[in-house]
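Data first, discussion second: the structure below is written as structure tokens.
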Amino acid sequence: MKLPRRRRENPEASPAESAPEAASDTPDAPDAPATAADAPATAADAPATAPDAPADTSADRTADATTAAQPAARSRVSAARSPGGGLRNRMRRFLQQPGTVDLTPYRKLLPQIAEDEERLRGLSDAELTEAAGDAAEDAQLCAVGREASRRALGERPFDVQLIGTMAMLSGQVAEMATGEGKTLAGAIAAAGYALSGRSVHVVAVNDYLARRDAEWMRPVYDLMGVSVGWINQSSTPEERRQAYAAEVTYAPVSEIGFDVLRDRLALRGEDRVTAPPDVALVDEADSVLIDEARVPLVLAGAAEEGSADEAMAEIVRGLDPETDYEIDEDARNVQLTEAGAKAAEKALGDVDLYTEEHLGTLTRLNVALHAHALLQRDVDYIITGEKVRLVSESRGRVAWLQRLPDGLHAAVEAKEGLSATDTGEILDSITIESLIRSYPTLCGMTGTAVAVGEQLREFYGVEVAVIPPNVPCIRDDEPDRLYETAEAKEDAITKQVADAHETGRPVLIGTLDVAESERLAAQLERESLPCVVLNAKNDAEEAAIIAEAGARGAITVSTQMAGRGTDIKLGGSSGDRDEVAGLGGLLVIGTGRHESSRLDYQLSGRAGRQGDPGGSVFFASMEDDLITQYAPDTAPPDEVDDDGLVADAGAYWSLGHAQRVAEGVNLEIHRNTWRYNKLIEEQRRIVLDHRDEVLRTDTALKTLGERCPKRLEELSETLDEDVLTEAARQITLYHLDRGWAEHIADLADVREGIHLRALGRGMDPLDEFHKAAVASFNHLFDETAQRSAESFETVPITADGADLGAAGLKRPSATWTYLVQDNPFGTDIDRALRSVGRLLGRPRPGS
Ligand code: ADP
Ligand code: MG
């Protein structure tokens, strides 16, 4: 039986290009860092000469061996051209390596870096720090970084790491496999930016890694004379201010975003903690820049009690899934059938849902139906401590405080019989994409960037540099195994785990969601295969657990992405690396193909790090969501063996096809969301600039004085100019902030409503949205000026300032921040709301 191969990453697949012996004789071999550090900087660093004389040095050989999966002629062809040339772009297309840059200019600097190194070894620590300050060019900087790292960490950065550093210094995203040492490559790049006077934010995956990486790299930064700080959820405003004041700041993207939002409401310039964005260096760049791009970070205020719609939850619970509603093939929309609408009308006391009067009821009903039929417990959200917590799709971890849009969140709470949490007014929000785009310079690193190269260019204008591994990857990626049913698939997985475990080989099982993790863990448990489950429910220990996943006999079940950022060493902490390597290294098992092939690579990439042996295999079934949602017309397989394993090639093709469809759908959603957000972001910028001016200058008093000259004259008789300036400022800020909150609430309404109106009349929803948004925005400034003037006339102003409270102008008593999963169904919320539109737009059922 011949099965299609999933992909070819293994250099052996293309023997002509491999040079496996390069691995063993390089002094850069990873298991000998101490010797590498002491050895003279010769062989590996000897001239990486001209591209037409490759394979002269071990560094070059390793590099060439590992580009095997890429077109062979790349370096030679592009070397002849200057970067950015037209031919290069054509070659890029021809070679089907979209979004990758030519590494030759970086390779050419390696000899100079090697030369510098010998000189730098002779310097004292203080002299090295001085040399760092003098390093004007990337090559000098890399040489200093290498020496600083050797001294501070006992790890001498490999050539390929420095190539990654140079790519980042050129504003690119470096693709480097897991375990290649991105943390260090990124730190040297960050130090390089800092030494040229820039202020760098290293965007980390989570709290744990922000702190770990900053502290881990601190000795290197110290030697290079660069200050470093980090931020966590629990950091105080003062700690944040200090961390941002450092030249390099490590922080999770959400914390940076929340600080930006909070600063946005500051009433005094000195209350702000952030500085203007400058350089962002993003770790796990694809995850932040693409997967989480659309996630809005929200600042909310002024709590009022939320209300769970228990009545509606009860009604939808009583509906019959067979006859009363229909779920779209892609499980993104649900709508009532005529029978369902009738049943609901009856339950509501014989109302007519399809009249203007009951529009609100119908919307509530639909929201409840979404919560009931589309959001699945333990897949889309989990319940912990009587609270609904969302599971972030791309990470498989709980994003604390992450909420669905208010109505939907309350509907899920009602569905689960929980009491409703408070809702609040959104004061401001920003998507991760907008936040990152506010940095004038962007670069990053990740194990999987090429697959989203086009998107990185489209949305962020950055290029991808594919950095070869230091030692060629020898991981054995087996072909997919597709089963007819989910049950047969899970049995086969269990058997595979048992077989591997019997030999002592460690196994890492990557699942698609939390529910599957638990189901599989239970099944393994029944077969006496003890496993550790790593998922959203125990995220605190995940780094420690994942670090042990390579130990002899370990079986680790993990939802995708959990523990990303922690590398899995063979043998675990006890360190029997060779023994585990002898067993074949880590075996990674995927329980299904993800919606994006990139996520598959991330999972398989956990095995075979730094030239270790390892393997990966993906199991799939015809019942997997990927196939039923994205290739629903797939014919049942003809050839199936006794264990349920599918043999016909057509079915395997459908699996890949479904994944490509899913990738296309997700890209389209991203584009669409960005089309909406772009305008809002521009408006936000304008308001912010104006607010900043109010905060820094006496604009507010001038404007109000012009509008209300009498009042100004009257107040000036008894009050100092300073007091008046501040009073005018506070009044203006109040109305500006109010105005903005109202504006974004309006926009949210417009965006929902526009679909109803536009669809009904064949208009383009985006055009309609833009028209409405521009009109509302023009209104915002007039309104703010008008209201400020009224307040200036009426608010009591004394030597203590303007008493806004006395005039009923209260700022929110408390604010809080959260992330909204804009795509609770793996899609944009407006798509979900579109079914409401469809329902309203079509003739009343039964009429
Ligand atoms: P990545 O982020 O690329 O997955 P990490 O930065 O977590 O990888 O590094 C993986 C491991 O490799 C770490 O244990 C680190 O100490 C080690 N390492 C990185 N660079 C070197 C080097 N030049 N020499 C020896 N060990 C290194
Ligand atoms: Mg990392």
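The values are calculated or read from the model by the stated rules, or taken from the named source; none is laboratory data. As the structure is a prediction and not an experimental result, all values here were calculated from the model. Reconstructed Cβ throughout: ideal geometry from the backbone, glycine too, with neighbour counts over all protein chains shown.
Residue by residue, here is whether (1) touching a Cys at 6+ places or on another chain (Cβ under 9 Å); (2) not polar (S, T, N, Q) holds:
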position: 117; (1), (2): no, yes
position: 124; (1), (2): no, no
position: 149; (1), (2): no, no
position: 172; (1), (2): yes, no
position: 181; (1), (2): no, yes
position: 191; (1), (2): no, yes
position: 200; (1), (2): no, yes
position: 216; (1), (2): no, yes
Task: Count of residues meeting criterion [away from ligand 2 (no atom under 16 Å from the Cβ) and part of a helix (DSSP H, G or I)] in the stretch 605-621 - done: 1
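Give the residues of the stretch 162-189 that are within 6 Å of ligand 1 (Cβ to nearest atom) and not β-branched (Val, Ile, Thr), sorted by residue number.
Restricting attention to the stretch 162-189, the residues satisfying the condition of being within 6 Å of ligand 1 (Cβ to nearest atom) are 176, 178-184.
176, 179, 180, 181, 182, 184 - these are the residues of the stretch 162-189 that are within 6 Å of ligand 1 (Cβ to nearest atom) and not β-branched (Val, Ile, Thr).
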Task: Candidate set: the stretch 686-698, residues that are without any contact (Cβ under 8 Å) to a residue 60 or more places away in the chain and closer than 11 Å to residue 264 by Cα; chosen: the one surrounded by the most Cβ atoms within 10 Å (Cβ to Cβ) - done: 692
Task: Residue, farthest from the chain's Cα centre (by Cα), within the stretch 451-465, restricted to residues that are in contact (Cβ under 8 Å) with a residue 60 or more places away in the chain and in a loop (DSSP other than H, G, I, E, B) - done: 463
- [ ] Could you look through the stretch 143-159, keep only residues that are in a loop (DSSP other than H, G, I, E, B) and under 23 Å from residue 126 (Cα atoms), and pick out the one that is farthest from ligand 1 (Cβ to nearest atom)?
- [x] 154
Task: When residues of the stretch 214-233 are limited to those that are among the hydrophobic types (A, V, I, L, M, F, W, C) and either within 14 Å of ligand 1 (Cβ to nearest atom) or outside any loop (DSSP other than H, G, I, E, B) (or both), the one farthest from the chain's Cα centre (by Cα) - done: 223
- [ ] Report whether or not residue 553 is away from ligand 2 (no atom under 16 Å from the Cβ), without any contact (Cβ under 8 Å) to a residue 60 or more places away in the chain and over 28 Å from the mean Cα position of the chain (by Cα).
- [x] yes
- [ ] Look through 434, 394 and report the one residue that is at pLDDT below 70 and on the phi < 0 side of the Ramachandran plot.
- [x] 394
- [ ] Could you please find all residues in the stretch 233-251 being in contact with a Phe, Trp or Tyr (Cβ under 9 Å, 6 or more places away or on another chain) and buried (at least 23 other Cβ atoms within 10 Å of the Cβ)?
- [x] 243, 248, 249, 250, 251
- [ ] Could you please let me know if residue 630 is within 16 Å of ligand 2 (Cβ to nearest atom) and in contact (Cβ under 8 Å) with a residue 60 or more places away in the chain?
- [x] no
TODO: For the stretch 106-119, state whether one or more residues are without any contact (Cβ under 8 Å) to a residue 24 or more places away in the chain and either within 16 Å of ligand 2 (Cβ to nearest atom) or part of a loop (DSSP other than H, G, I, E, B) (or both).
DONE: no
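Among the residues that make up the stretch 217-232, is at least one of them among the aromatic types (Phe, Trp, Tyr), surrounded by 23 or more Cβ atoms within 10 Å (Cβ to Cβ) and more than 16 Å from ligand 2 (Cβ to nearest atom)? Full working, then the answer.
Of the stretch 217-232, the ones among the aromatic types (Phe, Trp, Tyr) are 221, 230.
Narrowing the set further to residues that are surrounded by 23 or more Cβ atoms within 10 Å (Cβ to Cβ) leaves 221, 230.
With more than 16 Å from ligand 2 (Cβ to nearest atom) added as a condition, the list becomes 221.
Checked the stretch 217-232: at least one residue is among the aromatic types (Phe, Trp, Tyr), surrounded by 23 or more Cβ atoms within 10 Å (Cβ to Cβ) and more than 16 Å from ligand 2 (Cβ to nearest atom).
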- [ ] Would you point out the residue of the stretch 436-450, among those that are among the β-branched types (Val, Ile, Thr) and more than 15 Å from the chain's Cα centre (by Cα), that is farthest from residue 198 (Cα to Cα)?
- [x] 450
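Conditions tested, residue by residue: (1) closer than 30 Å to residue 363 by Cβ; (2) at pLDDT 95 or above; (3) buried (at least 16 other Cβ atoms within 10 Å of the Cβ).
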| site | (1), (2), (3) |
| --- | --- |
| 700 | no, yes, yes |
| 704 | no, yes, yes |
| 720 | no, no, no |
| 724 | no, yes, yes |
| 729 | no, yes, yes |
| 732 | no, yes, yes |
| 738 | yes, no, yes |
| 744 | yes, no, yes |
| 752 | yes, no, yes |
- [ ] Select from the stretch 160-192 the residues that are part of a helix (DSSP H, G or I), surrounded by 24 or more Cβ atoms within 10 Å (Cβ to Cβ) and either of a type in the set (Phe, Trp, Tyr) or within 13 Å of ligand 2 (Cβ to nearest atom) (or both) and list them in ascending order.
- [x] 161, 164, 182, 184, 185, 186, 187
Open item on the list: I'm trying to understand the selection: among the residues of the stretch 425-477, which are within 19 Å of residue 294 (Cβ to Cβ) and within 16 Å of ligand 2 (Cβ to nearest atom)?
Closed with: 444, 446, 448, 449
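So which of 549, 620, 540 is more than 15 Å from residue 477 (Cβ to Cβ) and modelled with pLDDT of 90 or more?
It is 549.
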Open item on the list: Just to be sure I understand, how many residues within the stretch 193-213 are away from ligand 1 (no atom under 12 Å from the Cβ) and in a helix (DSSP H, G or I)?
Closed with: 7
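Given the criterion within 16 Å of ligand 1 (Cβ to nearest atom) and of a type outside the set (Asp, Glu), identify the matching residue among 610, 659, 629.
Details: 659 fails: within 16 Å of ligand 1 (Cβ to nearest atom); 629 fails: within 16 Å of ligand 1 (Cβ to nearest atom).
Checking each option against the conditions leaves just 610.
Quick check on the stretch 93-101. Is at least one of its residues modelled with pLDDT under 95, in a helix (DSSP H, G or I) and more than 26 Å from residue 440 (Cα to Cα)? Don't jump to the end; show me each part of the working.
Applying the first criterion (modelled with pLDDT under 95) to the stretch 93-101 yields 93-101.
Still in the running and in a helix (DSSP H, G or I): 93-94.
Next cut, more than 26 Å from residue 440 (Cα to Cα) only: 93-94.
Scanning the stretch 93-101, I find at least one residue that is modelled with pLDDT under 95, in a helix (DSSP H, G or I) and more than 26 Å from residue 440 (Cα to Cα), so the answer is yes.
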- [ ] May I ask you to list the residues in the stretch 328-368 that are in contact (Cβ under 8 Å) with a residue 60 or more places away in the chain, in a helix (DSSP H, G or I) and among the small types (Gly, Ala, Ser)?
- [x] 341
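So in the stretch 433-450, with the set limited to residues that are part of a helix (DSSP H, G or I) and away from ligand 1 (no atom under 16 Å from the Cβ), which one is nearest to residue 671 (Cα to Cα)? Explain how you work it out, then say what you get.
The initial filter retains those residues of the stretch 433-450 that are part of a helix (DSSP H, G or I), namely 433-437, 450.
With the extra rule that they be away from ligand 1 (no atom under 16 Å from the Cβ), the set shrinks to 433-437.
Details: 433: 11, 434: 13, 435: 16, 436: 16, 437: 15 Å.
The selected residue is 433.
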TODO: Return only the number of the condition from (1) in contact with a Gly (Cβ under 6 Å, 6 or more places away or on another chain); (2) surrounded by fewer than 17 Cβ atoms within 10 Å (Cβ to Cβ) that residue 352 does not satisfy.
DONE: (1)
